[in-house]
Amino acid sequence: MDRIDKDELREAQQSEATREVREARARRRRYVRPPVDIYSTASEMVVVADMPGVQKGDLDITVERDELVIEAKAARRAAEESTLPWGYYRRFRLKTAFDRERISAGLEDGIVRITLPKAASEQARKVEVD
Amino acid sequence: MENESGSNASGRGALAEFRDAVTNLFDQVSSQVTSLIPDLGFGREFPRHELRVEDDGYRVLIELPGFKREEIDVSVVGRTLTVSGQRARFEPPAGGRMLRSERPSGEFELTVRLPSEVDAIAVAAQMRDGVLDVRLPGSKGARGRSVDVEEGSENEYGEPGAQADG
């Protein structure tokens, strides 16, 4: 019972976490802005970010309205008082319509790769232009 | 995006404000907007690393995201740890168009001067989550020296517990 209560509490806290709370957390001194490569094709946009030290459970990617927010903590480092970054934070304003249901992300060897499929309307428009 | 000149303005408050301002900047995903971070390839700051002193020697953590083990060369000569390697520039797939290219690429060589000698044969390196973790156990000779220093200081400054000012 105790464990369930704790989990419920954590979920409630997460659902209540406003953007302000997330941003304040991310502004913590030990967070850095990860360098990115971004490319676009007719059907998708892909964001590749260097985020060494991050593990899967510590990655938080959100798309709200026209904003993509990438946030991750390198959990072990804070506990060890490391001089290396304790986390990463970056946000982008999206100028294209994406199919939010199909946005996906992967993490491998400290590299985050986010794939944002373009909305059908955008793809149609692109075909016309081409 | 660290900006050292920010601290010259009016102390820590201004620097903190500047940091917040930078953090709050929106990235505009558009081919028209050039990156705020110039593409310098591997600059002097790459790779970010940390030297830790541990009970049995040293540990050096080096951020090398995306590097494969075979792309990294680690060597220890005397008190110098050298790590070198290369990463290819990111290329988009056919038909893809780069909007940003900030991630460093090319060759790098990092040299870390260790505070004392290590047992070069016992050095071990492991890649985890894009971080190279190099463990360098101290050499037996180095450990012996540190014990000698402790004994010498007792003889020089008198009995343990004696007051230096007395």
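Readers should treat all values here as calculations from the given coordinates under stated rules, not as data from a laboratory. Since we're looking at a predicted model, the values are computed, not measured. Heads up, the Cβs are rebuilt from the backbone with ideal geometry, glycines too, and the neighbour counts pull from every protein chain shown.
Remarks
- Residue list for segment A:41-57, filter: in contact (Cβ under 8 Å) with a residue 24 or more places away in the chain and under 21 Å from A:Arg100 (Cα atoms): A:Ala42, A:Ser43, A:Glu44, A:Met45, A:Val46, A:Val47, A:Val48, A:Ala49, A:Lys56
- Residue within segment B:96-115 that is touching a helix residue (DSSP H, G or I) at 6+ places or on another chain (Cβ under 9 Å), more than 7 Å from chain A (Cβ to nearest Cβ) and surrounded by fewer than 18 Cβ atoms within 10 Å (Cβ to Cβ) present: no
- When segment A:52-73 is filtered for residues that are more than 7 Å from chain B (Cβ to nearest Cβ) and surrounded by 15 or more Cβ atoms within 10 Å (Cβ to Cβ), the ones remaining, listed by number, are A:Asp58, A:Leu59, A:Asp60, A:Ile61, A:Val63, A:Leu68, A:Val69, A:Ile70, A:Glu71, A:Ala72, A:Lys73.
- Segment B:97-109 residues that are in contact (Cβ under 8 Å) with a residue 40 or more places away in the chain and closer than 10 Å to B:Phe46 by Cβ, paired with ones that are assigned to a loop (DSSP other than H, G, I, E, B) and hydrophobic (A, V, I, L, M, F, W, C) (beta carbon under 6 Å, 6 or more apart): B:Pro104/B:Phe42; B:Pro104/B:Phe46; B:Gly106/B:Phe42; B:Phe108/B:Phe42; B:Phe108/B:Phe46
- Verdict on B:Val83 being farther than 23 Å from A:Ala74 by Cα, among the β-branched types (Val, Ile, Thr) and either part of a loop (DSSP other than H, G, I, E, B) or in contact (Cβ under 8 Å) with a residue 12 or more places away in the chain (or both): no
- Residues of segment B:118-137 that turn out to be part of a loop (DSSP other than H, G, I, E, B) and surrounded by fewer than 20 Cβ atoms within 10 Å (Cβ to Cβ), as a count: 2
- A:Ala97 being in contact with a Pro (Cβ under 6 Å, 6 or more places away or on another chain) and either surrounded by 15 or more Cβ atoms within 10 Å (Cβ to Cβ) or farther than 18 Å from B:Glu50 by Cα (or both): no
- Given (1) under 16 Å from the mean Cα position of the chain (by Cα); (2) within 19 Å of A:Asp50 (Cβ to Cβ); (3) part of a loop (DSSP other than H, G, I, E, B), index of the condition B:Pro115 fails: (2)
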